[in-house]
1. What are the pairs with Cβ atoms under 7 angstrom where one residue, in segment 8-23, is within 22 Å of ALA62 (Cα to Cα) and the other, located anywhere, is more than 8 Å from the ligand (Cβ to nearest atom) and assigned to a loop (DSSP other than H, G, I, E, B)? Sequence gap at least six, or different chains.
2. Taking into account only those residues within segment 18-32 that are closer than 13 Å to ILE7 by Cβ and in a loop (DSSP other than H, G, I, E, B), which is farthest from the ligand (Cβ to nearest atom)?
3. Would you pick out the residues in segment 146-164 that are part of a helix (DSSP H, G or I) and touching a residue at least 40 places away in the same chain (Cβ under 8 Å)?
4. Mind counting the residues in segment 2-28 that are under 19 Å from ASN148 (Cα atoms), hydroxyl-bearing (Ser, Thr, Tyr) and surrounded by fewer than 21 Cβ atoms within 10 Å (Cβ to Cβ)?
5. Mind listing whichever residues of segment 57-71 are under 12 Å from GLY44 (Cα atoms), assigned to a helix (DSSP H, G or I) and either without any contact (Cβ under 8 Å) to a residue 24 or more places away in the chain or under 14 Å from the mean Cα position of the chain (by Cα) (or both)?
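Each value in this text was obtained by applying a stated rule to the coordinates, not by laboratory testing. Keep in mind that what you see is a predicted model, and the values were worked out from it rather than measured. Every residue, glycine among them, receives a Cβ derived from its backbone with ideal geometry; neighbour counts consider all protein chains shown.
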Amino acid sequence: MATPHNIVVLVGSIRKESFTLKIANALAKLAPDTLKLDVVSLHGISFFDQDLETTPPADWLAFREKIQKSAGVLFVTPEYNRSIPGVLKNAIDVGSRPSGKSSFLGKPIGIISNSPGPLGGVSAAKHLQNILPGISGPILGQPEIYLNGVGDAFDEKGHLAKEGLQKVLQQYIDAYAAFVDKHNK
Ligand SMILES: Cc1cc2nc3c(=O)[nH]c(=O)nc-3n(C[C@H](O)[C@H](O)[C@H](O)COP(=O)(O)O)c2cc1C
């Protein structure tokens, strides 16, 4: 079998019991053999500061290298105040520099938003669709995925307990795998 494509999964919440993290971990298990998902915490990425661009901190360099070495980037994010959380925007800003040399360039992108509420974090997903085109590769447009009501989707061990949710995640990760294949030929 061919070596699986290494996919960086950026988790937009650093909360320990984050539903977003649980969704990312569930995706890692559902992914087909052609993908290997590396679920990355954004904890510990220093604030972007343009003054540091000539001598970037080690954590920026490590983060950029991880993205550069990947075959694609999957964003899994909650919504904060109708947008993406600050930790995720900070990581995107770090990865987008130096100017014109974004680490995300050429990487096939997937976007999954979620919320315990009824709207599934759709505004966060839409904001990512605004932010990324200038600094990334192609963004998977179909299927769209905005997961609502995730508050009761996991059992006490953090495993996915809602069959319907498992099904949509499976459909999405299979579509994303095909998209990654197409853009890594
Ligand atoms: C600062 C803040 C703003 C929030 N704004 C929204 C929002 O705009 N839309 C929404 O659906 N949920 C909102 N929430 C609720 C989050 O969806 C909820 O806290 C969720 O569990 C966060 O994701 P996590 O479980 O992965 O940490 C907000 C939560 C916080 C802390």
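1. VAL8/SER70; LEU10/LEU42; VAL11/SER41; VAL11/LEU42; GLY12/ILE84; ILE14/SER41; ILE14/LEU42; ILE14/HIS43
2. PRO32
3. VAL150, GLY151, listed by residue number.
4. Of the residues in that region, 1 qualify.
5. Initially, segment 57-71 is screened for residues under 12 Å from GLY44 (Cα atoms), giving 57-60, 62-63.
Next cut, assigned to a helix (DSSP H, G or I) only: 58-60, 62-63.
Residues satisfying the conditions are ALA58, ASP59, ALA62, PHE63.
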